[in-house]
Amino acid sequence: MSNTPSSVAGSSELATIAPPLWLLAELTYRCPLHCAFCYNPLDYARHDRELDTAQWKRVLTEARGLGAAQLGFSGGEPLLRDDLEDLVAHARGLGFYTNLITSGVGLTDARLGALREAGLDHIQLSFQDSTREMNDFLSSTRTFALKQRVASLIKAHGYPMVLNCVLHRYNLPHVGAIIEMALEMGAEYLELANTQYYGWAWENRLALMPTEAQLREAEAVVASYRAKIGKRCRILFVVPDYYETRPKKCMNGWGSVLLGIAPDGAALPCHAARALPGLTLPNVAGQSLHDIWYRSDAFQRFRGTAWMPEPCRSCDERENDLGGCRCQAFLLTGDPARTDPVCDKSPDHARVREVVLHGAAAAIAEHPLVFRADAASRAFAAGSTKAR
């Protein structure tokens, strides 16, 4: 990669780097669902080692010492870790605000009670659609009825509830029904997360890419519901990058807010950084979080603006998006150091338009979904729930 800064920052440089605010603890890649838009790496089954309980506790302690205040327990499915309650209790003792990001599979009344006692603050429950048929198809499981029961349990235990639904060609026409489902379940917050195309979503981009008409119709439905329901439920609807002319900041800036830790201890500046070539990810097994955040090449590589090529380098908007998404740049151009092609100032912007037009024109029957599962990964997902 070009424009690589030094991997060791001096004391004056360290003073300009803000501490991480959000720790994403990806406890496991194992998952009972097989979603076609999962952001986990395509080769996740190769990374089958997991930090043990003591290692995760050390990570949480170091992250809190750095200044991180928000903690997300994610995966895969974090409920497959039988030490989850222990980790939640440890995080509560450190002063974290904790969020469980879950499919709901394995979240029983007894386990909810145990997590409540351990100090869990917040739960985000995913749905794939508002109907059993489409929800179960998109996850390649029979989980819709289970998710409905879990939503009721979350409310019964007094938790604030966020429902999350990833949007794409298959379910954008159902946005109204998805909002109605969330209202019936008493959700305080609904994340309508339009697909960002990396991981399994990139693999399935031609099948998932909506038409612009679908997207704009869904936006209008969301606006109508916002006006009608007021503060009853806050609805977040983010237009996918491919339909914009300016990219968003990658995780609010590479190495700026988010510190992700993969199941095997690899430290991630963003969810999908594992896919970037030439980026050696540091690992918490052999390096402190302080050194990882402030000194590692991986976190320094695209931090700030010094790494930027033209036209970003001389653009008066460079602080607004900090160059956009490095994974999009790599997937669309083969070079993670190029300007994000979503930007219409990028010399590669036509590639985004080609993907959008090709995907929107493609017949679903011509591009069957590739689900997050094959013979090997199904065996992996069904493996021992013990930490490795």
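For segment 127-163, the set of residues classified as surrounded by 19 or more Cβ atoms within 10 Å (Cβ to Cβ), in contact (Cβ under 8 Å) with a residue 60 or more places away in the chain and not in a helix (DSSP H, G or I) consists of Gln128, Thr141, Thr143, listed by residue number.
Once segment 171-220 is narrowed to residues that are outside any helix (DSSP H, G or I), in contact (Cβ under 8 Å) with a residue 60 or more places away in the chain and open to solvent by less than 30 Å² (accessible area, probe 1.4 Å), the residue that is nearest to Val370 (Cα to Cα) is Asn204. Report whether or not Ala45 is at pLDDT below 95, in a loop (DSSP other than H, G, I, E, B), among the hydrophobic types (A, V, I, L, M, F, W, C) and crowded, with 16+ Cβ neighbours inside 10 Å. Criteria not met by Ala45. Among the residues of this structure, Ala350 does not count as one that is at pLDDT below 75 and hydrophobic (A, V, I, L, M, F, W, C).
Residues that are basic (Lys, Arg) and in contact with a strand residue (DSSP E or B) (Cβ under 7 Å, 6 or more places away or on another chain): does segment 222-242 have at least one? Yes, segment 222-242 has at least one match. Exactly one residue among Leu120, Leu125, Leu146 is among the aliphatic types (A, V, I, L, M) and more than 25 Å from Ala201 (Cβ to Cβ), and that residue is Leu120.
Selection of segment 238-266 for residues being closer than 20 Å to Arg318 by Cα and open to solvent by 40 Å² or more (accessible area, probe 1.4 Å) yields Glu244, Thr245, Arg246, Lys248, Lys249, Met251, Asn252, Ser256. Count of segment 286-327 residues, restricted to those that are assigned to a loop (DSSP other than H, G, I, E, B), of a type in the set (A, V, I, L, M) and either at pLDDT 95 or above or open to solvent by less than 10 Å² (accessible area, probe 1.4 Å) (or both), is 1.
The values are calculated or read from the model by the stated rules, or taken from the named source; none is laboratory data. These numbers come from a predicted model, not from an experiment. A quick note on method: Cβ atoms are made from the backbone with ideal geometry, for glycine too, and the neighbour counts reach across all protein chains shown. For the accessible areas, the whole protein counts, side chains as well, though only heavy atoms, and no ligand, DNA or RNA atoms are used. Shrake-Rupley method; radii C 1.70, N 1.55, O 1.52, S 1.80 Å.
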